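Right, one structure below, let's go through it.
The values are calculated or read from the model by the stated rules, or taken from the named source; none is laboratory data. Note that this is a predicted model, so its numbers are computed, not measured. Methodologically, a virtual Cβ is constructed for each residue, glycine included, from the backbone with ideal geometry; neighbour enumeration extends over all protein chains shown.
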Amino acid sequence: MTQEDPRILELRAMREKARQGGGAERIATQHKKGKLTARERIELLLDPNTFNELEPYITHQGDELGLAAQQYLGDGVITGYGQIDGRTVYLYAQDFTIYGGTLSEMQSHKICRVMDLALRNGVPCIGLIDSGGARIQEGVKSLGGYAEIFRRNAQYSGVIPQISLMLGPCAGGAAYSPALTDLIIMVEKHSYMFLTGPEVIKTVTGEVIDPENLGGADVHMAVSGTAHLAADSESSALSLCRRVLGYLPSNNVENPPFTPSADDPLRMDDSLNTIVPLDPATPYSMHEVVARIVDRDSFLEVQSSWARNAIVGLARIGGHSVGIVAQEPRVMAGVMDIDSSDKITRFVRMCDCFNVPLVTFVDSPGFLPGVDQEHRGIIRHGAKVLYAYSEATVPKISVITRKAYGGAYVVMSSKYLGTDVNYAWPSAEIAVLGAEGAANILFKKQIESAPDPSAERKRLADDYRARFNNPYHAAATGYVDDIIEPRETRPKIIAALGALRDKYAPAPPRKHGNIPV
Ligand code: HXC
């Protein structure tokens, strides 16, 4: 029997050492917390046997505060490339068993390396994040390391998809880098994002709060709007990441992948013809409208618990990816406010950077009036929606299902913001103001001096309603392209998308615009 070359044996031993991360005890602690190790996560995320690791023998170069005595191969992050559904991705997975996955100078070097390779090869970069933020012992080197990552997050934004999975307590820079990426996926009751943790907050402000209530998935999904998707387990979060990537191209010069659908492109859904109640004040479910129009079960809602008066999400229609934007009449009547403006803007821009056509369903009584909204900057926030739709060059289709009043008509993908095809349902009401409000303003004196002011107000409002609260006035002046039966919406959208597939709408050359953030 030939003896193994000792150099091969040494390599195998080194590989095994690298696999051990921070050691068996810390791996056991990780498991006891219900968390997977970085390597287990990579296995679940990628197609089987496709992972290739890079730079596994890097160690930190610090010697302050006892660092020199504790060297671990890989320095708390595993980096490399693999495949998801046969498409290449680059990734990094922080290893909490080594210095709590914290960022050192060398860890930053490893992460930046895969980010650079992802950019150069035009493929997504995925971060599996589980980290206490900047490694305290390395001081400014770890802060500078984060700056290197943030700069790349920003410069590569809109070129390759960047997805962040939050898989543990993510503090400081470990929360800021994800905030610069396209989508953040959290794990319920299991991952946290905060700039400063409960201990620091207690010292500085005296507030007492636990990690879950400070920055858990529920908080970032429903209150702060920082997270985009949440799952009930790590493995569900990882498969959600796989699913999301299926809607996106690998880079900004490709189109999203086509996924053949068994759902008939010519399918008409008769129930849509009766979904909008005759009483304009009675709500209906826009979620149901969307579900009945897109390819069956293809709608993946983003930010489903935040600013619920707006709906955004990825879907397929006729096998092609689309971004859906809509209002939900069941929540605050679908009114536009600061948070829904931010939600819509961010999503429209993400779709535009990655060549995902936009389909917008409109039912909104307008912008929310009120001192609070005005003082918090509804003008600035609402302007972002105008900006995003105006600058988007992807195919844009809009369908007005019911109310499109005032500013809400204009901002929601209206024709002269550059929308390619504008449809309205017969239930559409397109006007500057609702009938009562308009009558009160236009005919104030006439109403006040009438023998029966309320009867006069009603008469004038009915007259206004007959003139404007329907789609025919807008259609007669070319502000909508066609009025369609609701049941025809799916085939009409599929036909329009087909006709817009080769849309060429180059933006004028400029360094970049100045969006009113
Ligand atoms: C060095 C750290 C560390 C850090 C944790 N560890 N955070 N080491 N630098 N920032 C180490 C611990 O010493 C421990 O080492 C191991 O990681 C696990 O930490 P535990 O505290 O035991 O785990 P847990 O109870 O789960 O708590 C995790 C945690 C907590 C919530 C992340 O450790 C924590 O609050 N850490 C500090 C977070 C922070 O303030 N970071 C700086 C952010 S500033 P052993 O050897 O025991 O395994 C920042 C600036 C970026 O990032 C710039 C932004 C613009």
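General observations
- For the residues G66, G22, G80, G62, the requirement of being away from the ligand (no atom under 16 Å from the Cβ), small (G, A, S) and surrounded by fewer than 23 Cβ atoms within 10 Å (Cβ to Cβ) singles out G80.
- Among the candidates Q137, Q107, the residue that is touching an Asp or Glu at 6+ places or on another chain (Cβ under 6 Å), of a type in the set (S, T, N, Q) and at pLDDT below 95 is uniquely Q137.
- The number of residues in region 477-513 being touching a helix residue (DSSP H, G or I) at 6+ places or on another chain (Cβ under 9 Å) and part of a loop (DSSP other than H, G, I, E, B) comes to 8.
- Selection count, region 284-315, where residues are in a loop (DSSP other than H, G, I, E, B) and not basic (K, R): 13
- Members of region 83-104 found to be surrounded by fewer than 23 Cβ atoms within 10 Å (Cβ to Cβ) and hydrophobic (A, V, I, L, M, F, W, C), listed by number: I84
- When region 368-395 is limited to residues that are of a type outside the set (F, W, Y) and in contact with a Lys or Arg (Cβ under 9 Å, 6 or more places away or on another chain), the one that is nearest to L497 (Cα to Cα) turns out to be P395.
Matching residues to (1) aromatic (F, W, Y); (2) farther than 15 Å from S177 by Cβ; (3) more than 11 Å from the ligand (Cβ to nearest atom):
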position	(1), (2), (3)
G74	no, yes, yes
T88	no, yes, yes
F96	yes, yes, no
S104	no, no, no
I111	no, no, yes
L128	no, no, yes
A134	no, no, no
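- Only one entry in A404, A455, A431 is within 21 Å of A281 (Cα to Cα) and free of Cβ contacts under 8 Å to residues at least 12 places away in the same chain, namely A455.
- Members of region 318-328 found to be among the β-branched types (V, I, T) and out of contact with any helix residue (DSSP H, G or I) (no Cβ under 6 Å at 6 or more places or on another chain), listed by number: V322
- In region 47-70, residue nearest to the chain's Cα centre (by Cα) [restricted to those that are in contact (Cβ under 8 Å) with a residue 24 or more places away in the chain and more than 24 Å from L11 (Cα to Cα)]: D47
- Boolean, L248 is at pLDDT 95 or above, in a loop (DSSP other than H, G, I, E, B) and within 25 Å of the chain's Cα centre (by Cα): yes
- Conditions (1) within 10 Å of the ligand (Cβ to nearest atom); (2) farther than 27 Å from S236 by Cα; (3) surrounded by fewer than 24 Cβ atoms within 10 Å (Cβ to Cβ); number of the one not met by E148: (1)
- Residue count for region 257-283, restricted to those that are without any contact (Cβ under 8 Å) to a residue 60 or more places away in the chain and assigned to a loop (DSSP other than H, G, I, E, B): 11
- For region 117-126, taking the residues that are of a type outside the set (S, T, N, Q) and either farther than 19 Å from L91 by Cα or more than 23 Å from the chain's Cα centre (by Cα) (or both), the one that is nearest to the ligand (Cβ to nearest atom) is identified as L117.
- Filter pass, V325 being under 16 Å from A404 (Cα atoms), out of contact with any His (no Cβ under 9 Å at 6 or more places or on another chain), assigned to a strand (DSSP E or B) and not acidic (D, E): yes
- Residue in region 448-462 that is modelled with pLDDT of 95 or more and small (G, A, S) present: no
- Residue in region 165-179 that is in a loop (DSSP other than H, G, I, E, B), near the ligand (Cβ under 9 Å from one of its atoms) and at pLDDT below 95 present: yes
- Qualifying residue in region 105-114 (condition: among the charged types (D, E, K, R), buried (at least 17 other Cβ atoms within 10 Å of the Cβ), touching a helix residue (DSSP H, G or I) at 6+ places or on another chain (Cβ under 8 Å) and not in a loop (DSSP other than H, G, I, E, B)): yes
- Residue count for region 226-239, restricted to those that are away from the ligand (no atom under 16 Å from the Cβ) and crowded, with 21+ Cβ neighbours inside 10 Å: 6
- Summed over region 185-225, residues that are more than 21 Å from F96 (Cβ to Cβ), in a loop (DSSP other than H, G, I, E, B) and within 16 Å of the ligand (Cβ to nearest atom) total 3.
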